[in-house]
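Asker: Okay, here's the structure, questions in a sec.
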Amino acid sequence: MTDPAPLRCDGCGQAASTEHISRRLQRLEWTTKYRPVHIQTLLLGAFSPRDEKDFLYAPGGEFRGEAALLLDALGISTAGKTGEAVLAEFQRAGFFLTHVLECPLDRDTGTGAALLAQRLPAVATRIRRSLKPKRVMAVTEGLEPVVEDILALDLGCPVVLDHGKPFRLESGAGGNGAARLREALAISTGS
């Protein structure tokens, strides 16, 4: 008897167990609750964070990692607010965060550049047909290997980059990517 081919997740293209699919559906449910009717700025990351508390839309309001960096970069304060209030503010501003791989990268996958490249056509179709943002901003350095591929796609809107690269949310050597993201956002929205 032959082993059946492993099930592939439609959100990331990785081999998927029932637990993997269950976690993906949970993240999808959390995310859908805060999707704006009209997306002004689609913030595009490479991979969904591994830790639930780093996932922007996770319940509990304990914004850490990518979620905390993104909110800070956008100037959305979490001080004295419930998680729902913070996410409602994010939604009212017309922001929506999604990832090329909607699931965390498996530990044994390496950089994930090949998976990112494989998923781009499906992501482009989703952006163009379903999300329909006014602009896309690449916001994680994990997208660097596929930036040129993203620019070559027909997304139906402009892609905003930081000098040809994705915006780095964390500050470090080379400047303050969060400040440049706020600047680029102000320019692209005309505010």
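The values are calculated or read from the model by the stated rules, or taken from the named source; none is laboratory data. Predicted model only: the values in this text are computed from it and were never measured. Reconstructed Cβ throughout: ideal geometry from the backbone, glycine too, with neighbour counts over all protein chains shown. All accessible areas refer to the heavy atoms of the entire protein, side chains included, with ligands and DNA or RNA removed. Shrake-Rupley method; radii C 1.70, N 1.55, O 1.52, S 1.80 Å.
Asker: Return the total of residues in the stretch 52-85 being in a helix (DSSP H, G or I) and either over 22 Å from THR41 (Cβ atoms) or within 17 Å of the chain's Cα centre (by Cα) (or both).
Answerer: 12
Asker: If you go through the stretch 17-25 one residue at a time, do you hit one that is in contact with a strand residue (DSSP E or B) (Cβ under 8 Å, 6 or more places away or on another chain), surrounded by 12 or more Cβ atoms within 10 Å (Cβ to Cβ) and of a type in the set (Val, Ile, Thr)?
Answerer: Scanning the stretch 17-25, I find no residue that is in contact with a strand residue (DSSP E or B) (Cβ under 8 Å, 6 or more places away or on another chain), surrounded by 12 or more Cβ atoms within 10 Å (Cβ to Cβ) and of a type in the set (Val, Ile, Thr), so the answer is no.
Asker: Could you tell me whether ASP108 is part of a loop (DSSP other than H, G, I, E, B), open to solvent by 60 Å² or more (accessible area, probe 1.4 Å) and modelled with pLDDT under 95? Can you show your working first?
Answerer: On the way: part of a loop (DSSP other than H, G, I, E, B): no; open to solvent by 60 Å² or more (accessible area, probe 1.4 Å): yes; modelled with pLDDT under 95: yes.
The answer is no for ASP108.
Asker: If you scan the stretch 2-24, which residues turn out to be among the polar types (S, T, N, Q) and either at pLDDT below 80 or assigned to a helix (DSSP H, G or I) (or both)?
Answerer: To start, the set of residues in the stretch 2-24 that are among the polar types (S, T, N, Q) comprises 2, 14, 17-18, 22.
Within the stretch 2-24, THR2, THR18, SER22 qualify.
Asker: Can I ask one more? Those residues that are β-branched (Val, Ile, Thr) and open to solvent by 80 Å² or more (accessible area, probe 1.4 Å), I need them from the stretch 43-88; list them, please.
Answerer: THR82
Asker: Can you find, within the stretch 26-51, the residue that is farthest from ALA122 (Cα to Cα) among those that are in a helix (DSSP H, G or I) and either among the β-branched types (Val, Ile, Thr) or within 14 Å of the chain's Cα centre (by Cα) (or both)?
Answerer: Only one residue fits best here, namely TRP30.
Asker: Do we have GLY80 as more than 26 Å from ASN176 (Cβ to Cβ) and free of Cβ contacts under 8 Å to residues at least 40 places away in the same chain here?
Answerer: On the way: more than 26 Å from ASN176 (Cβ to Cβ): no; free of Cβ contacts under 8 Å to residues at least 40 places away in the same chain: yes.
So GLY80 does not fit the description; no.
Asker: Here's another thing I want to ask about it. When only residues in the stretch 113-130 that are in contact with a strand residue (DSSP E or B) (Cβ under 6 Å, 6 or more places away or on another chain) and open to solvent by less than 20 Å² (accessible area, probe 1.4 Å) count, which is farthest from GLU170 (Cα to Cα)?
Answerer: The selected residue is VAL123.
Asker: So if I check each of GLN40, GLN14, GLN91, which one is out of contact with any helix residue (DSSP H, G or I) (no Cβ under 8 Å at 6 or more places or on another chain), within 24 Å of ARG128 (Cα to Cα) and either loosely packed, with under 15 Cβ neighbours inside 10 Å or polar (S, T, N, Q) (or both)?
Answerer: Checking each option against the conditions leaves just GLN91.
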